[in-house]
Amino acid sequence: MNSKLIYPFSLAKRMYSGVGNKVQAQKYVLTKYFQGEPKRTDFQIVKEELPELKEGEILAEAEYLSVDPYMRAYMIGYKLPADMIGGQVAKIIASRNKKYDVGKYVTGSFGWRTHTIVNPDGNQTGMLPITLLPDLGSYPVSLALGVLGMPGNTAYFGLKEICQPKPGETIVITGAAGAVGSHVGQIGKSLGCRVVGFAGTDDKCQYLEKELGFDRAFNYKTVNIRAALKEGCPKKVDCYFDNVGGEISSTIMNYMNKYGRVAVCGSISSYNDVNVPKVSILQPAIVFKELKVEGFLVNRWTDRWDEGINANLNWLREGKLKYQEKVYHGFENMVDALVGMLRGENTGKAVVKVK
Ligand SMILES: NC(=O)c1ccc[n+]([C@@H]2O[C@H](COP(=O)([O-])OP(=O)(O)OC[C@H]3O[C@@H](n4cnc5c(N)ncnc54)[C@H](OP(=O)(O)O)[C@@H]3O)[C@@H](O)[C@H]2O)c1
């Protein structure tokens, strides 16, 4: 595929246009490493003429693009200029693959781009396996980026496999009102646990308690964390699902029971930091409480991907899993959406409706 930089971000107007039989895609290329919050000027939008489809390939048009915290953290590992990474839900608009009919939807790690040619049977790379969406009935296809996609599977496998909670135990979740955290809490309740969350606004905490059935939720920006733990976790903490890292995680891990389990999912509290933060030492708590602390990446369970999706779909249909989405609009607003999510504008999953 040939691509060349043709115009800066602000001039990006058209989504795509057909040229003869060929399709022109647009994609985001990162040209400057992030410093602090991502900026529009860190990117250029590039137009790319796509070739004819080969046997086995499909042409997919993005309908929803995902903005996720890992995008802020991962790009440092890429040589610039680099195509921006990310998951999307796309509609198949042309196909030379009998298993992938025109009109169906796929998810894949296609990046921030409007159109993609891919052979779904070929080697798969990226966070998200290329998956043909099952019929979601009246549910929006965007859920394939949230409760029925990568964050949903992060919650499902991270909690069940790493924390291994037992009924009656207490689970604490940070980043509790986000895509992964709000889902973890609901699975925890289904498993018969006490669930306590920390989130960044009083409204989010109300939502967690009143709508999602969390036993307690605290605004980490306004409470004393140790006092909140004492109030919310009378039997202390058995499982900690860590989405944020930093000092709050040290405080929680010091409040755990012997043989507690910590699923280290992410550390969003530091993703925009220029300097690496220092936190209170954790090793004494880990040693004396004999904690099991395990980091994980959700693609560890790629071979069990459908198990997680189907379990979450069943919970959704049974009314045991609720969701919210923060929907941003317009391909040209991808960076604002990414920054908005990092700032905490979202409750539940942040997605961008492409047009
Ligand atoms: N290991 C894996 O395979 C895997 C997969 C997916 C996600 N993750 C990780 O899971 C975590 C949550 O991801 P997500 O997709 O569900 O995102 P999310 O929670 O939907 O969105 C990010 C949230 O982070 C919170 N936040 C921002 N700055 C913060 C800070 N300084 N301290 C505490 N919270 C802060 C904001 O909520 P507030 O208003 O509450 O601050 C914001 O809404 C991230 O760390 C991500 O990297 C890991």
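The values are calculated or read from the model by the stated rules, or taken from the named source; none is laboratory data. Remember, predicted model here, so these are calculated numbers, not experimental data. Backbone-built Cβ (ideal geometry, glycine too); neighbour counts: all protein chains shown.
So the values come out like this:
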item: Residue check for Glu318: without any contact (Cβ under 8 Å) to a residue 24 or more places away in the chain and either in the same structural domain as Gly111 (by TED's automatic domain parsing) or polar (S, T, N, Q) (or both); result: no
item: Filtered residues of the stretch 300-327 (kept if more than 26 Å from Phe214 (Cβ to Cβ) and more than 10 Å from the ligand (Cβ to nearest atom)); result: Thr302, Asp303, Arg304, Trp305, Asp306
item: Residue tally, condition of a type outside the set (Ser, Thr, Tyr), closer than 18 Å to Leu148 by Cα and part of a strand (DSSP E or B), over the stretch 55-77; result: 3
item: Cβ-Cβ under 9 Å pairs, at least 6 apart or on other chains, the stretch 205-218 side touching a residue at least 40 places away in the same chain (Cβ under 8 Å), far side surrounded by fewer than 23 Cβ atoms within 10 Å (Cβ to Cβ) and aromatic (Phe, Trp, Tyr); result: Ala217/Tyr207
item: Residues that are free of Cβ contacts under 8 Å to residues at least 60 places away in the same chain and outside any loop (DSSP other than H, G, I, E, B), drawn from the stretch 321-335; result: Lys326, His329, Asn333
item: Filtered residues of the stretch 97-147 (kept if hydrophobic (A, V, I, L, M, F, W, C), part of a loop (DSSP other than H, G, I, E, B), under 21 Å from the mean Cα position of the chain (by Cα) and over 26 Å from Asn333 (Cα atoms)); result: Leu136
item: Cβ-Cβ under 7 Å pairs, at least 6 apart or on other chains, the stretch 54-65 side more than 12 Å from Arg113 (Cα to Cα), far side buried (at least 20 other Cβ atoms within 10 Å of the Cβ) and basic (Lys, Arg); result: none
item: Residues (under 21 Å from Gly178 (Cα atoms) and of a type in the set (Ser, Thr, Tyr)) located in the stretch 252-278; result: Ser267, Ser269, Ser270, Tyr271
item: Pair list, Cβ < 6 Å and 6+ apart or interchain, from the stretch 275-299 residues that are in the same structural domain as Tyr156 (by TED's automatic domain parsing) and more than 30 Å from Ile130 (Cα to Cα) to residues that are within 14 Å of the ligand (Cβ to nearest atom) and part of a helix (DSSP H, G or I); result: Pro277/Ser270; Val279/Glu247; Val279/Ser250; Ser280/Ser250; Leu282/Ser250
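Here is a yes/no grid of residues against (1) more than 12 Å from the ligand (Cβ to nearest atom); (2) surrounded by fewer than 24 Cβ atoms within 10 Å (Cβ to Cβ); (3) not small (Gly, Ala, Ser):
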residue	(1), (2), (3)
Trp112	yes, no, yes
Gly122	yes, yes, no
Ile130	yes, yes, yes
Asp135	yes, yes, yes
Thr154	no, no, yes
Cys163	yes, no, yes
Gly168	yes, yes, no
Gly175	no, no, no
Gly185	no, no, no
